[in-house]
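Only one structure is covered here, and it is reproduced in the block below.
The values are calculated or read from the model by the stated rules, or taken from the named source; none is laboratory data. This structure is a prediction, so every number in the text was calculated from the model and none was measured. Neighbour counts are summed over all protein chains in view; Cβ atoms, including those assigned to glycine, are modelled from backbone coordinates with ideal geometry. The protein model used for the area step is the full one, side chains on, heavy atoms only, and it has no ligands, DNA or RNA in it. Shrake-Rupley method; radii C 1.70, N 1.55, O 1.52, S 1.80 Å.
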Amino acid sequence: MSVLLSVEQLTKRFDEELAVDNIGFEIGEGRCVALLGPNGAGKTTTIRMLTGLLQPTSGTIQFSGMKQGQDRREWIGYLPQTPAFYGWMTGREFLVYAGRLCGLSAKEAASRSNELLERVGIASAGKRKIGGYSGGMKQRLGLAQALIHRPRLLVLDEPVSALDPIGRREVMAMIGELKNETTVLFSTHVLHDAEELCDDILIMRRGQLSLAGSLATLREENREPVLSLEIEEDDHSRQWLAGWINKLPNGILATSETRGSVRLIAQDLETARRAVLKELTKSEVSLSKLEIGHSTLEDLFLKVVTAP
Amino acid sequence: MTKWLILFRKEWLEMIRSYKIVWLPISFIVLGASQPIATYFMPDILSSAGNMPEGAIISLPTPKPFEVLASSLQQFGVIGLLLIALSNMSALSLERSSGTAAMILVKPVSFVSFVTAKWAAILSLSMVSFLFGYSAAWYYTIALFDSVRWLEVLLSAMLFALWLGFVGTLALMFSSLIRSAAAAAFSALATAALLSIVSSTLPFKQVWNPGRLPTLAAGSLDTAQHINNSSLSVWLTAIVTAVAIAIALVIATGSMRSRPSDV
């Protein structure tokens, strides 16, 4: 895997607040990378520094293979969280304008605009004023304008968080197609989106990078046996659960619990399974579900972002 | 250069679609034409006003043609300046706060082009509007009073256009520094007012002061006054103003570079 972008010791300080604290990572050519983290973790600040909208306090951002003095923005296509347009332009006009500003010839910009309007599914609205577009259409147009100059790195800031479930699915599918053509970095606070599309994830928390790596490796390395237990909502069973959680046998740890269910992480699956089954029969609990499997990324994500 | 032209064309397209290309020239034409017409009909207007005592005789001296043109320059100096400041006041702050600056400035576009294309587009429309308005004033002055030599009119138009351009550039600069459009317009107008008051009240000659330009423009219409103004000092003022415009553009560019968007 060749490295496309490397970021070293990137820091951004706003007055007193350290928004991004000395982070470093690499993005491989052709990879799809998710920048994950709860709201306020510093994702957008990081992205804005990559795109040049914000000057870093310190640190370097380097594309490999870029000539000395070349403008980093030539290689980046960027879709901000809420894309803004000139309402008096038509969708097609904006694309042509964006294309020409990226250095395409008039002819090239025109044909590329038509192609992209078709591709993001707003070809019929291309001749209408952007002022009358819906949120979903603006998001699609935003994606199209980010792609106009065939960027080496496509940067998307929360591309689906403002969309309804249908729009969300469609945009996710589009990103899924795009990741075969170019390198993609997108930020999200929804783990599920990242899991669905990405090769690599970067998890940020309070301005720091808490976890980075390929999805497969992280999944493998952090795989722990998990028992997930659900009981009926009768008094006896609930009392049993509340009591039992406080005196769990050695080697079993409760991660999350709600009123009628608990997730248990076990050191050794076999011992844990025997212990739980024995306990369940002994106390005559009305069990509704017992699932035995492995920890998901969600467990890992929660562990990382909620760690003290 | 191609990118600069693309940005410039976009600004013109925006002015066409927002009808600025219609209302700005019309405002200037109305402003320019109204002064000679109002001056011409002033005795009639006063006598028909009705609140004059019986038997009062109004006798106003007929103003000289260059005086009429000079007083229309005064109109441009107040309302024209306001129009220019208002049309520039949110030029950069709006792009920034709406997020469109962030969309454009992540593309390989130079900050200098972004600012100067906008500046050139707005100022070119302002200049054309002023020339239309001043031509209207000149036309009605000739029609209703007497002719004024075109060379003097041209010289005064150039000096005054420089002053308008200076104030327009100030408004553009303040729009990059101040978030509020009204505050930007106010700052530009206040600076202009301050400079021109300083130039007319302080008892020494201020070659460096762009605030002299309106007075120089009006003075250049008067053949008798020409001689008092050495052309060297006029040139110096013009050069200082041009340098000040350049500095204002550098400041605006720097401000956009350090903070391309608000969000």
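In the stretch B:148-186, which residues are within 15 Å of the chain's Cα centre (by Cα) and small (Gly, Ala, Ser)?
The answer is B:156, B:157, B:161, B:165, B:168, B:171, B:185.
Of all residues in the stretch A:86-109, count the ones that are open to solvent by 50 Å² or more (accessible area, probe 1.4 Å) and away from every other protein chain (no Cβ under 12 Å). Give the derivation first.
Initial filter on the stretch A:86-109 (open to solvent by 50 Å² or more (accessible area, probe 1.4 Å)): A:92-93, A:103, A:105-108.
Okay, now just the ones that are also away from every other protein chain (no Cβ under 12 Å), so A:92, A:107-108.
Number of matching residues: 3.
What are the residue pairs meeting all of these: first residue in the stretch A:93-116, first residue in contact (Cβ under 8 Å) with a residue 60 or more places away in the chain and part of a helix (DSSP H, G or I), second residue open to solvent by less than 30 Å² (accessible area, probe 1.4 Å) and not acidic (Asp, Glu), Cβ atoms under 9 Å, and 6 or more apart or on different chains?
Within 9 Å, no pair qualifies.
Is it the case, given these coordinates, that residue A:126 is at pLDDT 90 or above and farther than 28 Å from residue A:23 by Cβ?
Taking the combined requirement at face value, the residue satisfies it.
Mind checking which pairs have a first residue in the stretch B:33-46 that is more than 20 Å from residue B:79 (Cβ to Cβ) and a second that is at pLDDT below 85, Cβ under 6 Å, 6 or more apart or different chains?
Listed pairs, sorted by first residue: B:43/B:58; B:43/B:60; B:46/B:58.
Can you spot a residue in the stretch A:243-253 that is surrounded by fewer than 16 Cβ atoms within 10 Å (Cβ to Cβ), touching a residue at least 24 places away in the same chain (Cβ under 8 Å) and in contact with a strand residue (DSSP E or B) (Cβ under 7 Å, 6 or more places away or on another chain)? Spell out the reasoning first.
We begin by selecting, within the stretch A:243-253, every residue surrounded by fewer than 16 Cβ atoms within 10 Å (Cβ to Cβ); these are A:243, A:245-247, A:249-251, A:253.
From the residues that got through so far, the ones that are touching a residue at least 24 places away in the same chain (Cβ under 8 Å) too are A:249.
Subsequent filtering for residues that are in contact with a strand residue (DSSP E or B) (Cβ under 7 Å, 6 or more places away or on another chain) retains none.
The answer is no; no qualifying residue exists.
Quick grid of which residues meet (1) surrounded by fewer than 19 Cβ atoms within 10 Å (Cβ to Cβ); (2) among the polar types (S, T, N, Q):
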| position | (1), (2) |
| --- | --- |
| A:204 | no, no |
| A:208 | yes, yes |
| A:215 | yes, no |
| A:261 | yes, yes |
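Return a yes/no flag: does the stretch B:167-185 have any residue that is crowded, with 20+ Cβ neighbours inside 10 Å and aromatic (Phe, Trp, Tyr).
yes
Given the criterion open to solvent by 50 Å² or more (accessible area, probe 1.4 Å), free of Cβ contacts under 8 Å to residues at least 40 places away in the same chain, touching a Gly at 6+ places or on another chain (Cβ under 8 Å) and assigned to a helix (DSSP H, G or I), identify the matching residue among B:236, B:194, B:232. Give the steps one after another, and end with the answer.
Details: B:236 fails: touching a Gly at 6+ places or on another chain (Cβ under 8 Å); B:232 fails: touching a Gly at 6+ places or on another chain (Cβ under 8 Å).
The conditions single out B:194.
Filter the strands (runs of 3 or more DSSP E) completely within the stretch A:1-85 down to those with at least 3 residues that are open to solvent by 60 Å² or more (accessible area, probe 1.4 Å) and in contact (Cβ under 8 Å) with a residue 24 or more places away in the chain. Quick ask: steps written out before the conclusion?
Details: elements: A:3-14, A:17-28, A:32-36, A:58-63, A:76-79.
The strands (runs of 3 or more DSSP E) meeting that bar are A:3-14.
So is residue B:103 open to solvent by 40 Å² or more (accessible area, probe 1.4 Å) and aliphatic (A, V, I, L, M) or not? Spell out the reasoning first.
Values: open to solvent by 40 Å² or more (accessible area, probe 1.4 Å): no; aliphatic (A, V, I, L, M): yes.
It is false that residue B:103 is open to solvent by 40 Å² or more (accessible area, probe 1.4 Å) and aliphatic (A, V, I, L, M).
Restricting attention to the stretch B:44-66, which residues are assigned to a helix (DSSP H, G or I) and either open to solvent by less than 50 Å² (accessible area, probe 1.4 Å) or at pLDDT 90 or above (or both)?
Restricting attention to the stretch B:44-66, the residues satisfying the condition of being assigned to a helix (DSSP H, G or I) are B:44-47, B:65-66.
Across the stretch B:44-66, the qualifying residues are B:65, B:66.
Those residues that are more than 8 Å from chain B (Cβ to nearest Cβ) and not polar (S, T, N, Q), I need them from the stretch A:59-85; list them, please.
Result: A:59, A:61, A:63, A:65, A:66, A:67, A:69, A:72, A:75, A:77, A:79.
Taking the stretch B:13-43, which residues are of a type in the set (Ser, Thr, Tyr), open to solvent by 60 Å² or more (accessible area, probe 1.4 Å) and outside any loop (DSSP other than H, G, I, E, B)?
Initially, the stretch B:13-43 is screened for residues of a type in the set (Ser, Thr, Tyr), giving B:18-19, B:27, B:34, B:39-40.
Now narrow it down to the ones that are open to solvent by 60 Å² or more (accessible area, probe 1.4 Å): B:18-19, B:40.
Within the stretch B:13-43, B:40 is the sole residue that qualifies.
Take the stretch A:258-308 and flag every residue that is among the acidic types (Asp, Glu) and in contact (Cβ under 8 Å) with a residue 60 or more places away in the chain.
From the stretch A:258-308, those among the acidic types (Asp, Glu) are A:268, A:270, A:279, A:284, A:291, A:298-299; that's our starting set.
Listed by number, the residues that qualify are A:291, A:298, A:299.
For every residue, the table says whether it meets (1) more than 30 Å from residue B:254 (Cα to Cα); (2) of a type in the set (D, E, K, R); (3) away from chain A (no Cβ under 14 Å).
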{"position": "B:64", "(1), (2), (3)": "yes, yes, yes"}
{"position": "B:79", "(1), (2), (3)": "yes, no, yes"}
{"position": "B:99", "(1), (2), (3)": "no, no, no"}
{"position": "B:103", "(1), (2), (3)": "no, no, no"}
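Residue under question is residue B:113, and the condition is that it be under 25 Å from residue A:83 (Cβ atoms), touching a residue at least 60 places away in the same chain (Cβ under 8 Å) and outside any loop (DSSP other than H, G, I, E, B); does it hold? Walk me through how you get there before you give the answer.
Working: under 25 Å from residue A:83 (Cβ atoms): yes; touching a residue at least 60 places away in the same chain (Cβ under 8 Å): yes; outside any loop (DSSP other than H, G, I, E, B): yes.
For residue B:113, the condition - under 25 Å from residue A:83 (Cβ atoms), touching a residue at least 60 places away in the same chain (Cβ under 8 Å) and outside any loop (DSSP other than H, G, I, E, B) - is met.
Within the stretch B:1-41, take every residue that is within 11 Å of chain A (Cβ to nearest Cβ) and in contact with a Gly (Cβ under 9 Å, 6 or more places away or on another chain) and give me the one that is nearest to residue B:103 (Cα to Cα).
This residue is B:3.
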